[in-house]
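One structure is given below, encoded as structure tokens.
No lab work stands behind these numbers, since they all come straight from the coordinates. Since we're looking at a predicted model, the values are computed, not measured. Cβ atoms come from the backbone with ideal geometry, glycine included; neighbour counts cover every protein chain shown.
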Amino acid sequence: MSHSNDRSIPDLLGDLVDQTSTLVRKEVQLARAEIGEKVTIAGAAAGAIAVGAFLLLASLIVLLQAAVAALVEYAGLSATVSALIVAVAVALIGYIVLRGGLSRLKASNLTPDRTVTQLSRDAGVVKEQVR
């Protein structure tokens, strides 16, 4: 086994190129995996947005039924009040779900943080190796 002091500059540069290319391949694999995780999170957020939108639509239907009931009955406040209470509750739930889904779609939540951190570390290591 030879010592690193016995190696020629071309051998050392060759090793540096090999190690750097391996490092870049590994970083690309990490980035792909992390972006895949972020896409899954975005998909779940899109599902929450869809559920929120559906609940808001359902509340609109109930509100419209309450308006019709109010026009038909004039004095049937108990049925109308009940329909309005249900519509408001569904609207609140839909709003909460929709806002939660939208907050999960922020760009900062989709950034591949581990990859960025690792690339920064790798750049530091490469700089140290070159010195």
Fewest-first sequence of Ile49, Ile61 by Cβ atoms within 10 Å of each Cβ: Ile61, Ile49
Using the count of nearby Cβ atoms within 10 Å as a rough guide to exposure, how do Glu27, Glu128 rank from fewest to most? Glu128, Glu27
J(HN,Hα) series, the range 92-101, from Karplus relation 6.51 cos²θ - 1.76 cosθ + 1.60, nearest Hz, glycine and proline x: 5, 4, x, 5, 5, 5, 4, 5, x, x
Radius 14 Å from Cβ of Val28, net charge of other residues (Lys, Arg +1; Asp, Glu -1): +1
Using a Förster radius of 35 Å, what is the FRET efficiency between Ala58 and Lys106 based on their Cβ-Cβ separation? Nearest 0.05, please. 0.85
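Rank by packing, highest mean first: peptides 53-60, 35-42, with packing defined as the count of other Cβ atoms within 10 Å averaged across residues. Walk me through the intermediate numbers first.
Numbers: 53-60: 15.5, 35-42: 12.6.
Ranked by mean Cβ neighbours within 10 Å, highest first: 53-60, 35-42.
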